[in-house]
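Enquirer: Dropping the structure in here first, questions after.
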Amino acid sequence: MQLLNFLYLLASVQPILATSLINFSAAAGDNPSTLGILDLEEARGDKISSNIADLYAKLGTDSKGTAALHYHRKEGYIRAEYHALSNKLEDDKTYYIGYKFSLGVIEESLMIFQFKAYEGNDATTGGANIPLSLEFKSGQLHFQYQADYSAQREPQWSKTLDTDTVYSAGIVIHTGKPGWVEFYFDGEQQTFSTSKSTKLVANTWDGRNEPKFGAYRGEAVEINTYVYNVQIGTELSDIEEAAGLTSSAGGSTSTTSATSSAASVTATCSWEGHCAGASCETYNDCSDDLVCTDGACASP
Ligand SMILES: *[C@@H]1O[C@H](CO)[C@@H](O)[C@H](O)[C@H]1NC(C)=O
């Protein structure tokens, strides 16, 4: 009887614990490593293991002084991304991914989200390399789908965006071959131009598929992009904030002005505990533009 009660309790608690897989907020000062593996590449195949001044992803502020995970790449460098949930996703499951971001620049072939296949993406198995992606082409952000190894990434939805503007994306992926996807932008569910529906039947599982957030390609220019929230879970409610699904997302004028004046005061250090004087081992440990000099964060 005691054991049975315990098992009932466990069964009722487990789904709640399992639901939110990632909940990153730059405003809350969450360590970016909660997003997974930092993936930095100067040229293709030329990886570096931690942040440097010309290539990084670390907590800082956007151009308006709002706390953000700042991805920075020197012109010519190819990749600054976080690779989330390595070896954690499964076939025949529904995952909700919320992503709040802004762009310092919009550049041809800049990809800001990938649902990348790490297995089965070869000629023999026939899976796509990047089944789903958000990529800029001809000045517009495209939600793209690549069906298999030999297929192109085909636009399913497109929108013209502005720089220095915060956008929210919600990507719902049911893993499978085929599975399906749904897409929210700025809190509104979108219709795919190809399926003429809010649902797109798609091959979303090649054996090991995982999300990546940041900046890939678009290497003709210097890139700065900013990520405010990433939420991944197994229910729509898990991504409310990052996908902009809450009606109060805008906030009132009074709180906005209070926030911006507070932010401007602290703009040079948005990552508490990693400000000037804090101990550090590398540049990565220091907020914003601070550098690590003789074991302490300091102005560059
Ligand atoms: C995510 O974290 C925030 C705190 O930063 C918390 O308020 C919120 O409830 C969390 N959301 C989920 C879905 O766990």
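Enquirer: Quick check: residue separation of ALA276 and ASP91 times 0.36 nm, minus the Cα distance between them. What number comes out in nm?
Expert: 62.0 nm
Enquirer: Given the peptides 180-191, 68-79, 205-216, arrange them by the average over their residues of other C-beta atoms within 10 Å, most packed first.
Expert: Averaged packing, sorted descending, gives the order 205-216, 68-79, 180-191.
Enquirer: Let me ask something additional. How much length, in nm to one decimal, is gained on full extension between SER138 and THR293, taken as 0.36 nm per residue of separation minus their Cα-Cα distance?
Expert: Values: separation 155, 0.36 × 155 = 55.80 nm, distance 4.25 nm.
Full extension from SER138 to THR293 adds 51.5 nm.
Enquirer: To continue, here is another question. Given the Cα-Cα distance of THR165 and TYR118 and 0.36 nm per residue of separation, how much length would full extension add, in nm?
Expert: Values: separation 47, 0.36 × 47 = 16.92 nm, distance 3.19 nm.
Full extension from THR165 to TYR118 adds 13.7 nm.
Enquirer: Based on the Cβ-Cβ distance of VAL221 and SER150, what FRET efficiency does E = 1/(1 + (r/R0)^6) give at R0 = 30 Å, to the nearest 0.05?
Expert: The pair VAL221/SER150 has a calculated efficiency of 0.45.
Enquirer: Roughly what would the spin-label model give for THR234 and THR19, points 7 Å off Cα along C-beta, in nm?
Expert: Rounded to a tenth, the inter-label distance reads 1.1 nm.
Enquirer: Mind telling me which of GLY277, GLY127, GLY218 comes out most flexible in a GNM of the chain, alpha-carbon contacts under 10 Å?
Expert: Maximum fluctuation in the GNM of the chain, among the listed residues, is at GLY277.
Enquirer: Between LYS137, LYS88, LYS116, which gets the highest mean-square fluctuation from a Gaussian network model of the chain, Cα cutoff 10 Å?
Expert: Among LYS137, LYS88, LYS116, the largest GNM mean-square fluctuation belongs to LYS88.
Enquirer: Sticking with this one: Distance between the C-alpha centers of segment 33-52 and segment 171-246? Whole Å please.
Expert: Here the two parts' Cα centres lie 22 Å apart.
Enquirer: Next up: How large is the Kirkwood hydrodynamic radius of the chain, counting all unique pairs of alpha carbons, in Å?
Expert: Values: mean 1/r = 0.0496 Å⁻¹.
Result for the chain stands at 20.2 Å.
Enquirer: For segment 58-109 and segment 121-156, what is the centre-to-centre distance using only Cα atoms, to the nearest Å?
Expert: Measuring centre to centre over Cα atoms gives 18 Å.
Enquirer: Going highest first, how would you order 58-64, 167-173 by mean Cβ packing within 10 Å?
Expert: Ranking, from highest mean packing down: 167-173, 58-64.
All of the numbers you see were taken from the coordinates with simple rules; none came from a lab. What you are looking at is a predicted structure, and each value in this text was computed from that prediction instead of being measured. Neighbour counts are summed over all protein chains in view; Cβ atoms, including those assigned to glycine, are modelled from backbone coordinates with ideal geometry.
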